[in-house]
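*Asks:* Pasting a structure here, questions to come.
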Amino acid sequence: MEKCDCKNNYYSGKNLYKSTAVSSDLTFRDLTGRWMARWNIGRMNFRVKPGLYNIGNPGRDSEVFISSNYKMSFDVLRKNLKGINAWIIVLDTKGINVWCAAGKGTFGTDELIKMIDMTGIKDHINHKRLIVPQLGAPGISAHEVVKRTGMKVIYGPVKASDIKSFLENNRKATAVMRKVTFTLFERLILTPTELVQSLKYSPFILIFLYLIDIVIGKNEISIFYSDIIVFAGALLTGTILFPVFLLVIPVRSFALKGWILGLIYISLVNLIAFGTVFGNYVHIVIIPSLISFLAYNFTGSTTFTNLSGVEKELKFALPAYAISGLSGIFILVFKFF
């Protein structure tokens, strides 16, 4: 292997494909970008260029790891390769993480085969091993990769933090390394994204709630405070309390879980404000459905659902949300006239 004139780049004499050297140490800019992505700020632009990267000083016997071009996935991988000389092939997943991209098909067999060819990785190594993250397995057909490229797919551990132990164990994952967890902490770190996302349509819902209060006949001060407080509480319930109580609510459907939690929330609010759970009957109809919708959005972040299950749930959730909204409007019209 020869060095090219470009700093931190290498190429093989045969295919002249450059490999970009990256560090396993994350910079302040990396950490800031990660924090912003958690809060859904420029999240879809938080990506790296697909291609071939190298950690340390990899040689022809060094391992080849596969990642997505969502920068957070890439950063987690390179951070846990500290002290290891390795190659990284980054697939073009349109800025989506490994797990979600595998479900959508962008972290897939065809993309992997294309990047094996484009990066010329075969000219950099003597072996035929590709270490693919376990969560990317749904998108990768190992036998098809072997058939079309001659490269062998080895599924690594669920967590990048287990990579060193995985390699020390002769590239074999233990039962613990294969276990997918979804702890309270793992659920809560996802909530900022959902919270910020929900703020996009908040003004429209606040206007609707404002109209509700006008029809009911509250004074201007109570209109302002009740709308803001009730709606803010609904957002926090749907984006924070829902993942906290996810395992406690005894039904499987996320939409139904959210509706139950929403009904409890608005009943307590009405009880405190009016002394009865039916103090604001329009909120009783609208708010549980709003929290149910927020809960349903959480299906894209959990290990408890799959694509077919989410689509099946949507078939009854969307009509239910429509009926809820129309019911609220009907009650308002009936009350007004």
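*Asks:* Can you list the helices (runs of 4 or more DSSP H) found entirely within the stretch 135-235 that contain at least 1 residues being at pLDDT 95 or above and either surrounded by 15 or more Cβ atoms within 10 Å (Cβ to Cβ) or β-branched (Val, Ile, Thr) (or both)?
*Replies:* Here the list reads 142-149, 163-168, 175-178.
*Asks:* Quick one: would you say Gly120 is under 27 Å from Arg60 (Cβ atoms), in the same structural domain as Arg43 (by TED's automatic domain parsing) and surrounded by fewer than 20 Cβ atoms within 10 Å (Cβ to Cβ)?
*Replies:* yes
*Asks:* Test of understanding: among Ser198, Ser161, Ser202, which residue is assigned by TED's automatic domain parsing to the domain that holds Ile286, out of contact with any Ser or Thr (no Cβ under 9 Å at 6 or more places or on another chain) and among the hydroxyl-bearing types (Ser, Thr, Tyr)?
*Replies:* Matching residue, one of Ser198, Ser161, Ser202: Ser202.
*Asks:* Looking only at the stretch 24-42, which residues are in contact with a strand residue (DSSP E or B) (Cβ under 9 Å, 6 or more places away or on another chain) and either assigned to a loop (DSSP other than H, G, I, E, B) or charged (D, E, K, R) (or both)?
*Replies:* Once the filter is applied, which keeps residues that are in contact with a strand residue (DSSP E or B) (Cβ under 9 Å, 6 or more places away or on another chain) and either assigned to a loop (DSSP other than H, G, I, E, B) or charged (D, E, K, R) (or both), the stretch 24-42 yields only Ser24.
*Asks:* For the stretch 261-280, enumerate the residues that are in contact (Cβ under 8 Å) with a residue 12 or more places away in the chain, closer than 30 Å to Lys312 by Cα and surrounded by fewer than 19 Cβ atoms within 10 Å (Cβ to Cβ).
*Replies:* Answer for the stretch 261-280, where residues must be in contact (Cβ under 8 Å) with a residue 12 or more places away in the chain, closer than 30 Å to Lys312 by Cα and surrounded by fewer than 19 Cβ atoms within 10 Å (Cβ to Cβ): Leu263, Ser267.
*Asks:* Collect the residues in the stretch 180-210 that are of a type in the set (Phe, Trp, Tyr) and farther than 30 Å from Asp162 by Cα, keeping them in residue-number order.
*Replies:* Within the stretch 180-210, Tyr201, Phe204, Phe208, Tyr210 qualify.
*Asks:* Would you say Ile121 is in contact (Cβ under 8 Å) with a residue 24 or more places away in the chain, touching a Phe, Trp or Tyr at 6+ places or on another chain (Cβ under 9 Å) and more than 24 Å from Arg178 (Cα to Cα)?
*Replies:* Here the answer is yes, as Ile121 does meet what is asked.
*Asks:* Name the pairs: first residue in the stretch 82-106 and within 10 Å of Arg47 (Cα to Cα) and in the same structural domain as Lys18 (by TED's automatic domain parsing), second residue at pLDDT 95 or above and among the aromatic types (Phe, Trp, Tyr), Cβ to Cβ under 6 Å, at least 6 apart or on different chains?
*Replies:* Sorted first by the residue in the stretch 82-106, then by its partner, the pairs are Thr93/Phe107; Gly95/Tyr70; Ile96/Tyr70; Asn97/Tyr70.
The values are calculated or read from the model by the stated rules, or taken from the named source; none is laboratory data. What you see is a predicted model, and the numbers here were worked out from it, not measured in a lab. Using ideal geometry, Cβ is built from the backbone for each residue, glycine included, and neighbour counts are taken over all protein chains shown.
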